[in-house]
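Student: One structure, as structure tokens, below. Some questions next.
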Amino acid sequence: MRMKGFRALFLAALAGLIAAGPLRAAPVELVGFGDSLMAGYQLAPGDAFPARLEKALRDKGHDVSISNAGVSGDTTSGGLARIDWSVPDGTRGVILELGANDALRGIPPEESRKNLVAMIEKLKARGIGVLLVGMLAPPNMGGDYADRFNPIYPDLAKTYGLPLYPFFLDGVVEDAGLKIEDGMHPNPKGVGVMVERMLPVVEAFVAGLPK
């Protein structure tokens, strides 16, 4: 009798699963890890880069979820200090965007490079893919600083075999109409330009993540 009862329960549960349809795979979990440009300084949460990028990817049929781990004012050293707990287990890929505040503060580029290397190696050791997002030194820092800072991102992308988006503010930095009043951070329209330009790179990054 007990076997018959168990069989009846099993068949009922199986019928319920069939009626519910096929199980959906969990979305690809990404983390946008960076500074105020990632966090969405002075913007509504839905206008921050990770949220807008997630929507753009979903609109194109990609089942992804992007957490916003941007912290305004963060440097590469600050990012290194928090990367272990800011990127949770289960994360498939990280969009790593840090260095703008290093350049603004005149931090030696060699230190920025060292911190980025440490973050990349920590993520790779956890089996997490990295999309490296580049930054350029502001002109007022001078040519010598730029010559030491700007090559960091392409060099690291080549060394570690990472996809690279060369300049996060591409298409925005020279257009005042795409920035908030401080003249540095993107407004919602500017974020839209950033998402549009970066979207093909992110699509390729997601497609190349280990299953």
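The values are calculated or read from the model by the stated rules, or taken from the named source; none is laboratory data. Source: prediction; values computed, not measured. Here Cβ is always computed from backbone atoms with ideal geometry, including for glycine, and neighbour counts include all displayed protein chains. Side chains are part of the model used for accessible areas, which takes the heavy atoms of the whole protein and leaves out ligands, DNA and RNA. Shrake-Rupley method; radii C 1.70, N 1.55, O 1.52, S 1.80 Å.
Student: Regarding the stretch 72-196, what are the three Cα extents along the principal axes, ordered largest first, in Å?
Tutor: On the principal axes, the stretch 72-196 reaches 41, 33, 24 Å in Cα extent.
Student: Cα axis of helix 188-207 to longest principal axis of the chain: angle in degrees, 0 to 90, nearest 10?
Tutor: In the chain, helix 188-207 runs at an angle near 60 degrees to the longest axis.
Student: Please give the peptides 174-183, 53-62, 70-79, 193-202 ranked by average Cβ packing (other Cβ atoms within 10 Å per residue), highest first, as a rough proxy for protection. List each step's numbers first, then the result.
Tutor: Details: 174-183: 11.7, 53-62: 15.3, 70-79: 20.2, 193-202: 17.4.
Final packing ranking: 70-79, 193-202, 53-62, 174-183.
Student: Please list the non-local residues whose amide H lies under 5 Å from the amide H of N150, H modeled 1.01 Å from N, same-chain partners needing a gap of 5 or more.
Tutor: Amide H to amide H, under 5 Å and 5 or more residues apart or across chains, N150 pairs with A137.
Student: Still on this structure: Report, to the nearest whole %, how much of the accessible area of the chain belongs to carbon and sulfur atoms, 1.4 Å probe, protein only.
Tutor: Working: 6560 of 11080 Å².
Carbon and sulfur: 59 percent of the exposed surface of the chain.
Student: Contact order normalised by length for the stretch 21-104, with contacts defined as Cα pairs under 8 Å and 6 or more residues apart; what percent is it? Display every interim value, and only then the final one.
Tutor: Working: 131 pairs, mean separation 35.6, N = 84.
Here the relative contact order equals 42 percent.
Student: Same structure, new question: Short version: ³J(HN,Hα) in whole Hz for each residue of the stretch 114-124, in order, from phi by Karplus 6.51 cos²θ - 1.76 cosθ + 1.60 (θ = phi - 60°), x for Gly and Pro, what are they?
Tutor: Working through the residues one at a time gives 4, 5, 5, 4, 4, 5, 4, 5, 4, 5, 5 Hz.
Student: Relative contact order of the chain, please, whole-number percent, based on alpha carbon pairs below 8 angstrom and at least 6 residues apart. The partial results should precede the final answer.
Tutor: Details: 309 pairs, mean separation 40.3, N = 211.
Value for the chain: 19 percent.
Student: If you don't mind, another one. From the phi angles alone, apply the Karplus equation (6.51, -1.76, 1.60; θ = phi - 60°) to the stretch 74-85 and give each ³J(HN,Hα) in whole Hz, x where the residue is Gly or Pro.
Tutor: My calculation for the stretch 74-85 gives 5, 10, 5, 5, x, x, 4, 5, 10, 5, 4, 9 Hz in order.
Student: May I pose another question? Give the shape of the stretch 42-130 as rounded, prolate or oblate, defined through the alpha-carbon gyration tensor: a ≥ b ≥ c are the square roots of its eigenvalues, a/c under 1.5 means rounded, and otherwise the shape is prolate if a/b is larger than b/c and oblate if not. Write down the numbers at each step before the final one.
Tutor: Numbers: a/c = 2.40, a/b = 1.40, b/c = 1.71.
Here the stretch 42-130 falls in the oblate category.
Student: A follow-up question, please. Among Y153, Y41, Y145, which one moves the most in a GNM of the chain with springs linking Cα atoms closer than 10 Å?
Tutor: Highest fluctuation among the options: Y145.
Student: On to the next question. Keeping all protein chains in position, work out how much accessible area D155 exposes to a 1.4 Å probe, and write it in Å² to the nearest 10.
Tutor: 70
Student: Now a separate question. Modelling each spin label as a point 7 Å along the Cα-to-Cβ direction, I'd like the R58/D84 distance in nm, to one decimal.
Tutor: 3.3
Student: Write down the accessible area per residue of the chain in Å², having rolled a 1.4 Å probe over the full set of protein chains.
Tutor: Details: 11080 Å² over 211 residues.
That works out to 53 Å² for each residue.
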